[in-house]
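This report concerns only the one structure given below.
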Amino acid sequence: MSIRERLSGNEAIATAMRQVNPDVFAMFPITPSTEIPQYYAQYVADGRVDTEFITVESEHSSLSACLGAEAAGARAVTATSSAGLSYMNEVLYVAGSLRLPVVMAVACRALTGPININHDYSDSMAERDSGFIQIYAENNQEAYDNFLQAHRIAEHPDVRLPLMVCEDGFITSHAIENIELEEDDAVKAFVGEYHPEHYLLKKENPLAVGPYGVSGYYMEARVAQAQAMKNAKAVILDVAADFEKTFGRKYGFFEAYKMEDAEVAMLIMGSCAGTARAAVDELRSKGVKAGVIKLRVFRPFPGEELAAVLSHCKAVAVMDKSEGFSACGGPLFAETAGALFNSKERPLMIDVVFGLGGRDFTVTAAKSVFDRLVWIAENGVVDELYTHMGQRE
Amino acid sequence: MNDMIEIRWHGRGGQGAKTASQLLADAAFMAGKYVQSFPEYGPERSGAPITAYNRISAERCSVHSNIYEPDYVAVVDETLLESVDVCSGIKEGGAVIINSSKSPEELRPQLRGYTGRVCTIDAREISLRNLGAYFPNTPMLAAVVAVSECVEREQFLADMEGSYRHKFAKKPQVVEGNLKCLREAMSEVQG
Amino acid sequence: MKKAAEINEQIPWQEMTVGCEIYEPGTSELTKTGEWRSRKPVWDKDKCKQCVLCAPFCPDASIPVKDGRRADFDYDHCKGCGICIKACPFDAIKWEDEE
């Protein structure tokens, strides 16, 4: 039986962590993810978990400690945001290439500068090539559910990759909303225990981790890692199917809302998706065939699946909540456009960079994007490919 | 979603406007509603104006923007009336609820032309009278419930009593004072 | 389980171990670092007093010691660094060019 509760995104993730009861939690605080280890420290103090809770001196060290623990055969977790994630950068790539399935919660926050503590995806998007699986949540419920699925995806023998469970800083991390929690026993049964085949503390079978890879090996190692990320797609769907069977909530690579006959559509991530759906509801009542796709899994990128659902649209806006400074669009736009390039049918597409550093995204703002899309669809031409929205002009 | 009530809280860092919005969410949650309670964060400076929000409805609300056209506005510190346009966007039929010893008529000239319903509650006096210290949140919470009717009164009082008995299990003597704060605020709110 | 001896620069990527892990100890023996040598140390048994000072200085464990006495170099792994030549107090190790 699900438990009716009301929790912030951070407490929801901390609760999921408590139920998983990992062997190691290495922490270093940074706003807005700090509450996750803060709640967890209380669980440790209250004896509700038997996790080795390590307070370290930096994020570089927290992830390094997790890698050591994972290599030793333990299940390790951490949490961070913004500059903390950037400071892990070097170690993120090590985690991916060592194929150590650390699970990390990221309360996504802008990167400096100017200095800002609020939400956008500057931090997680900057690490999109690090080899981490990235799963994004619209609200506390999804952050919780994604965390419950995380270990099974990351630790699957076909995958063995580290994974980020991303929630929107403050908007999700600090907002209290209703949530359905699952019973501890049910979660433990779903997540299962971690029994890696090889690990450093297996004394009958010595192991060397992280060897030097000269040119004769590096390419092969990277191709194998790329294949693991491709394999993750099937595993993500399998775990989601089992999650739905067990707990009744459905997940996939993305959630398509009123897309069957949509002529204009928006591709968006995280907490703004619900705001966009509210705009779609209003527009549909006026006869506009609008739809929304909320992208849940950014790594691996579900390019073929997105192309299939977007190809019949006339005009699509890709909503980028990070500025890639490419001078021709944000990262989500680049990848979505790439995914559609070989489609026989494809929509006209625009990139809208919005919501940086906590700039609010309203139903009115979403409707204004759809207005643009309707114009583009009617005129068969893109007014401007790459624009910013919400800034003072 | 027509039944949804949106509330905006204005306070100063450290006064507990965020906590008040969480308490209201708790009360509505206990009454079986779907809730949102979220602060608008800036630099965490004690005394700086801060805003917090509530959405309360019968179905899960998926909109995650700030609230620009609230049904009700709660002002925890009346000195904010000078610097913040607290009544901005209040819907027709809504109200502003201000923590003040003044009457609604005395405060109206400070409300920048706002013509809607104004309510006041002397949260300081009620708190000092019942708790011996200044905790504005409890009377403010009750005043907002009384004015907005976002939760049914008797259920609200019963739920809060249960919540206080749990929260103050080791200090049962403070339960009655808090409950009196709630009841008196509900009857003493003006406007 | 993949043996270290089966991992080499001829195998396809599908046959690499996950994360390039190696599942045995002491696999450095498999790499014939002696091929890196441009000059080699040569042991003069007659001059050697078996003080065995050379052996602990060797960074590659290429001077085998048994029952307190050294034997000839392990040229499969000696990289020709020459530290043993400096360490020998009796001039019993000399450089020779590789052919």
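Read-outs: derived from the displayed coordinates by stated rules, not from any lab. Since we're looking at a predicted model, the values are computed, not measured. Note that each Cβ is placed from the backbone with ideal geometry, even for glycine, and that neighbours are counted across all protein chains shown.
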Longest principal axis of chain A (C-alpha) makes with the long axis of helix A:215-247 (C-alpha) an angle, in degrees to the nearest 10, of 80
Computed about the Cα centre, the charge dipole of chain A from +1 Lys/Arg and -1 Asp/Glu charges at the Cβ has a magnitude in debye, to the nearest 20, of 540
Expected sort for A:168-175, B:181-188, A:34-41, B:87-94 on mean C-beta neighbours within 10 Å, highest first, is A:168-175, A:34-41, B:181-188, B:87-94
Once normalised by the length of chain A, the mean sequence separation of its alpha carbon contacts under 8 Å that are 6 or more apart gives a contact order in percent of 16
Treating only Lys and Arg (+1) and Asp and Glu (-1) as charged, each at its beta carbon, one finds that the protein assembly as shown has a dipole about its Cα centre, in Debye to the nearest 20, of 620
Rounded to the nearest 10 degrees, the helix A:89-98 long axis (Cα) sits at an angle to the longest Cα principal axis of chain A of 70
Evaluated at 4 °C and 1.567 mPa s, the Stokes-Einstein D of the range A:7-53 based on the Kirkwood radius over Cα pairs, in µm²/s, stands at 124
For B:Lys170, the aspartates and glutamates lying under 15 Å Cα to Cα, once residues fewer than eight places off in the same chain are dropped, come out as B:Glu161
Cβ density ranking, 10 Å radius, fewest first, applied to C:Thr27, A:Thr78, A:Thr364, A:Thr15 yields A:Thr364, C:Thr27, A:Thr15, A:Thr78
For B:Val189, other-chain or 5+-apart residues with amide H closer than 5 Å (H placed, Pro excluded) are none
One finds the C-alpha centres of the range C:8-42 and the range B:1-79 to be spaced, in Å, by 63
The answer for the net charge of residues other than A:Phe301 whose Cβ lies under 10 angstrom from its Cβ, with Lys and Arg +1 and Asp and Glu -1, is 0
Quick numbers on the protein assembly as shown, Rg and Dmax over C-alpha atoms in Å, give 31.6, 115
Out of A:Asn118, A:His151, A:Ala137 - ranked by how far each Cα lies towards the positive end of the dipole of the range A:3-247, with unit charges on the beta-carbon of charged residues - the top one is A:His151
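Please tell me which of these pairs span more than 24 angstrom C-alpha to C-alpha: A:Lys294/A:Lys314; A:Lys286/A:Lys314; A:Lys188/A:Lys230?
A:Lys188/A:Lys230
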The aspartates and glutamates whose Cα lies under 12 Å from the Cα of C:Lys47, excluding any fewer than 8 residues away in the same chain, are C:Asp91
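Among the listed pairs C:Lys45/C:Lys79; C:Lys3/C:Lys94; A:Lys203/C:Lys2; C:Lys45/C:Lys66; B:Lys91/B:Lys180, which have their C-alpha atoms separated by more than 26 angstrom in this model?
Violating the 26 Å limit, Cα to Cα: C:Lys3/C:Lys94; B:Lys91/B:Lys180.
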Mean per-residue count of partner chain Cβ within 10 Å for A:269-277 equals 3
Among A:Leu201, A:Leu340, A:Leu111, the residue with the largest mean-square fluctuation in a Gaussian network model of chain A built from Cα contacts under 10 Å is A:Leu201
Counting as exposed only trypsin sites (Lys or Arg not before Pro) in DSSP loop states with no more than 12 other Cβ atoms inside 10 Å, the longest exposed-site-free span of chain A is A:1-202
For the range B:5-188, percent of DSSP beta bridges that are antiparallel (nearest 5) comes out at 55
Computed over chain A: longest principal axis from alpha-carbon atoms vs helix A:9-20 long axis, angle to nearest 10 degrees, is 40
Within the range A:254-389, the percent of DSSP beta bridges that are antiparallel, given to the nearest 5, stands at 15
Here the whole-number average of other chain Cβ atoms within 10 Å per Cβ of A:2-10 is 2
Given backbone amide H placed at 1.01 Å from N, residues whose amide H is under 5 Å from that of B:Arg12, ignoring those fewer than 5 places away on the same chain, are B:Ala17, B:Ile50
antiparallel share of DSSP beta bridges within the protein assembly as shown, to nearest 5, in %, is 40
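Restricting to Cα pairs below 8 Å that are 6+ residues apart, what does the relative contact order work out to for chain B? Please round to a whole percent.
Dividing the mean separation by the residue count of chain B yields 20 percent.
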Any trypsin sites (Lys or Arg not before Pro) in the range B:1-62 that lie in a DSSP loop and have at most 14 other Cβ atoms within 10 Å would be B:Arg45
Straight-line reach check, A:Lys289, cutoff 13 Å on alpha carbons, 8 or more apart in-chain or any other chain, hits among aspartates and glutamates -> A:Glu260, A:Asp261, A:Glu263, A:Asp281, A:Asp371, A:Glu378
Measuring from its Cα centre, the range B:50-191 shows a charge dipole (+1 at each Lys and Arg Cβ, -1 at each Asp and Glu Cβ) which, in debye to the nearest 20, is 480
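For peptide B:56-63, how many partner chain Cβ atoms fall within 10 Å of a residue's Cβ, on average?
4
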